[in-house]
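The values are calculated or read from the model by the stated rules, or taken from the named source; none is laboratory data. This is a predicted model, so every value here is computed, not measured. All Cβ positions, glycine included, derive from the backbone under ideal geometry; neighbour counts span all protein chains shown.
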Amino acid sequence: MITRTLAEIYARQGHVAEAVEMYQQLVAAQPDDAGLRQRLAALERELAASRGDVARDARVEQLRTLLRRVTSRRRAR
């Protein structure tokens with residue numbers, strides 16, 4: 001059984017994607033509840049931001065790897 005309380009527990013524990021899925025189901029069942037829609041929108045923004053952070057972190061790690069390769073090649077000369 002999906003409830004707002006359970007969805008909030010997931011969100012507070014950092015399981016934002018799961019909380020979003022629950023809120024989507026809650027909104028589908030209660031489309032006139034503005035509070036549910038607002039919370040869903042906030043969680044979707046949070047999820048999008050966290051995914052952006054993950055992508056940025058991956059790019060930074062790729063650049064660090066490239067820098068280590070370039071540095072080691074220069075030392076080898």
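Quick one: how many residues across region 4-38 are touching a helix residue (DSSP H, G or I) at 6+ places or on another chain (Cβ under 8 Å) and among the polar types (S, T, N, Q)?
2
Does residue 68 satisfy being surrounded by 10 or more Cβ atoms within 10 Å (Cβ to Cβ) and within 20 Å of the chain's Cα centre (by Cα)? Walk me through it before giving the result.
Details: surrounded by 10 or more Cβ atoms within 10 Å (Cβ to Cβ): yes; within 20 Å of the chain's Cα centre (by Cα): no.
Here the answer is no, as residue 68 does not meet what is asked.
Among all residue pairs at least 6 apart or on different chains, which show Cβ distances below 7 Å where the first residue, located in region 61-72, is modelled with pLDDT of 85 or more and the second is surrounded by 10 or more Cβ atoms within 10 Å (Cβ to Cβ) and not small (Gly, Ala, Ser)?
Close Cβ pairs (under 7 Å, with a partner that is surrounded by 10 or more Cβ atoms within 10 Å (Cβ to Cβ) and not small (Gly, Ala, Ser)) do not exist here.
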